[in-house]
1. Under the 0.36 nm per residue contour assumption, what length would be gained going from the current alpha-carbon distance of residue 135 and residue 424 to full extension?
2. Taking 7 Å along the Cα-to-C-beta vector as the label spot, tell me the residue 707-residue 98 distance in nanometres, rounded to one decimal.
3. Using the basic label-point model (7 angstrom from Cα toward the beta carbon), what is the residue 72 to residue 640 distance in nanometres?
4. Would you mind counting up the charge near residue 662? Only other residues with Cβ under 14 Å from its Cβ, with Lys and Arg at +1 and Asp and Glu at -1.
5. Starting from 0.36 nm per residue, how many nanometres of slack lie between residue 409 and residue 382 once their C-alpha separation is accounted for?
6. How much length, in nm to one decimal, is gained on full extension between residue 59 and residue 242, taken as 0.36 nm per residue of separation minus their Cα-Cα distance?
7. Between residue 676 and residue 651, what's the calculated FRET efficiency when r is the beta-carbon distance and R0 is 41 Å? Round to 0.05.
8. For residue 461 and residue 529, what is the calculated FRET efficiency with R₀ set at 35 Å and r taken between the beta-carbons, to the nearest 0.05?
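Read-outs: derived from the displayed coordinates by stated rules, not from any lab. Just so we're clear, the structure is a prediction, and the values are computed from it rather than from any experiment. Note: ideal-geometry Cβ built from the backbone for every residue, glycine included; neighbour counts use all protein chains shown.
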Amino acid sequence: MTSSPQTTTSPLVNYGLIESVTLLQESRKKDEWFDIKTVTVSAFMNCTSKECHHTTVVTNGAQDYYSVSVGNYNCTSVCSGSIHKNQATPVIIKRSGQLLNLFTYQWFGQNEPGISILGCNRGLYLSETCLLLNNSLAEYETSVCSCQGTRNYCGYNAQNGMCIEGPIIWWVDDPDDKSTHSALTTTSLNAFPLEDPNYFELTFILNDNGMNQNQSEFEKNLTIHAGMNCSEVECQYTLNSIDYHWPPYQVLVNGSQCIDFSCANTFSKGQQVSVQVIRASEQLDLFSFQFIDVPAVIVLGCPYGMIKYGFCTKSTSPFDQLIQKSDCLCICQNSENKCDEKAIEGFCSSGNPVWWHPDPNLSTSSKTSTSVASTISSSLKTTIMVKLTEELVEKNSSNYILTIEASMSCVANFCTWQANIGNMYPNYYKVTIDLIECQTFCSGNMYYGSDSKVLVVHRLKQYLKIIEFQFTNEPKLLVMGCENFEQDGISVRQNNSCLHIFQTAHLSQNYYNDDVCLCKDYGADCDDHTKVGRCTLGHISWWKDENDEPISKSSPTTSFTTLSTNTPYDLGRDNSQNRLEVFSAMTCSVKNCEYSMKVDNLADDYFRVFVGNQPCQRKLCTGSFMKGKAVNVTVFRGEQVLDLFDFEYVNAAKIVVLGCEEGFTETGDCLQIAQVVKIEQEDFLDEVCSCQNARIDCTVGIKPVCNRGQARWWRNSAGSSTTGSMKTSTTPTPTTPNIIPSLKELSDVRLFV
């Protein structure tokens, strides 16, 4: 991930992103009633020291009235291209023998690259703001709503636009128009958008249910959004996968799993990046990004023919004996992701497409040993209850009790694991997995060869690896490093059997008696008659100092080192609702954390979002911070501020919602926090829905209670309270500088939406 976006006071910045969304509406007066025509055009430009790459997104609500062209090419959806110094590319709207130069991507002389609107170089777009311009003629009423970093809608509080550099040029006669008909009659509808050979935007839809136009997202078993942007010496790629198949597919990039189903990185000329899909015991080499001589995307091993710019292509696999079905693959390049009757058949330019083949990780190691594939094909289902009781000997203090019920269930090369935590002393014990705190419940999936998942207990600056889920050669569930405990020939592998494991620890002149009760498959609790166990396979590992070794490798190849929270903030009044949705993710190593936020602000004229005092209204924002620090995410509403959540890494990495250290997040579930507040003698219902590593569903959200910390609600930005409890420190109202995301953020925004 990248660091926090760079800020500047100028909207025209080299090496950054310039973006603008313009809504054009025109009313033609007919018999004293108005026929409103609308087209929305979004313009993005990202520059290096040598060139600028631009992307135009068109949503035409009046295709029989408007036509849109970028340069000399008709543009109906997404069009891309590039300019160099002393070049410009216009975005033209045509209708009824006239044209309007809506945008121009330009880079002239010593000036910085920029986007002009209606011929105006400065003044018609402002960060996080919508500006309104009107032009009234005898026959037409035309309005342009110019927005940057916000939704394309000019509400009642929109500002009037004013050009401060250059003229405003409205409709002029089209010199190429040779008839009085709509411009569409003289524009080639078969012209392709401008294709940039260095830029690829692809969507892969893979399923075993066939393909039809009305197919729901859930029926599209696996969807992968991929993008690649290349310079002369290297390429940058992004990948985002959405999986509705069960058991889930596994998506690997160069053999490693993406964090939170999303990958982004760079590779140099002469290299390639391969993307594989794993299911059961099969592997599909789906595609690869390549930059050998020129940038290319190779699909199913075919040099070309499987993808076509501006179209969706379909291909069907041979009958698969394992799933007893045939797979359908649809690939869309820079076009709407619709695999309908307009989709064309993909073909392989050399040979045939290479479909599913046996997973090479499941090959046999020797002829005399049992193959890994046959070993893991048998199912495994086990549950172990571990109860840790610790007593400080000298002071005869009360016992500190922690219970963990761990289970693991496997079929073929796929396992699910989960842990239920019963922590009666949260101020004494802390449980983490991959450096992320697990308060009451955590779960995940594993595949053959995946990194182990280790539940770690922390107390008194020491840690104990209490549970480990393994799937290296075969599925295993280890307790304190031991695979099997026995007593007098009775194995804990038998159902309903319990064993004691005792240990005396010495720490800071004090002695602690530890008693671990281990029960298999819901066995009864230990008592005075329970036998003492001994490890017969592996060895027991007890408490270690926090600084002895890293608690977690924090490998970027696993998907469970990322904590994800989707926190929509709702405010309803008189059956109206202002809504803000934030998807956040955090990945941590032993020393620091990196975070990202995707903001979907459906009420950006009402809510303003800031991350660490920097605006993040309607885009992707990223950054990092060191261990022991935190980053605050705040929402402003007029003169009031709400500390919505914090990225925090003190003892463990976590996202703290509304200031509540424990109780407002639940791994694998959604929580709904509601509060009635009074503003100017009016009652408002505020609702916050917090989902952590879970499918978003707040209709059946659990009603939580803050167990540790104190919930914070709205307060005045100067620091005085409006309702509920709050911090004692003050938070000044931030200014709103322009945010210029990096190239990676541009790609991520395109893939997240």
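1. On the way: separation 289, 0.36 × 289 = 104.04 nm, distance 6.86 nm.
Extending this stretch completely gives an extra 97.2 nm.
2. So the two model labels end up 6.7 nm from each other.
3. Going by the 7 Å Cα→Cβ label model, 5.8 nm.
4. Working: positive: 430, 654, 708; negative: 437, 646, 648, 661, 666.
Result for the neighbourhood of residue 662: -2.
5. Working: separation 27, 0.36 × 27 = 9.72 nm, distance 0.65 nm.
Full-extension gain reported as 9.1 nm.
6. Numbers: separation 183, 0.36 × 183 = 65.88 nm, distance 2.46 nm.
Here the answer is 63.4 nm.
7. Working: r = 34 Å, r/R0 = 0.84.
For residue 676 and residue 651, the calculated efficiency is 0.75.
8. Working: r = 36 Å, r/R0 = 1.01.
Efficiency, from the Cβ-Cβ distance: 0.50.
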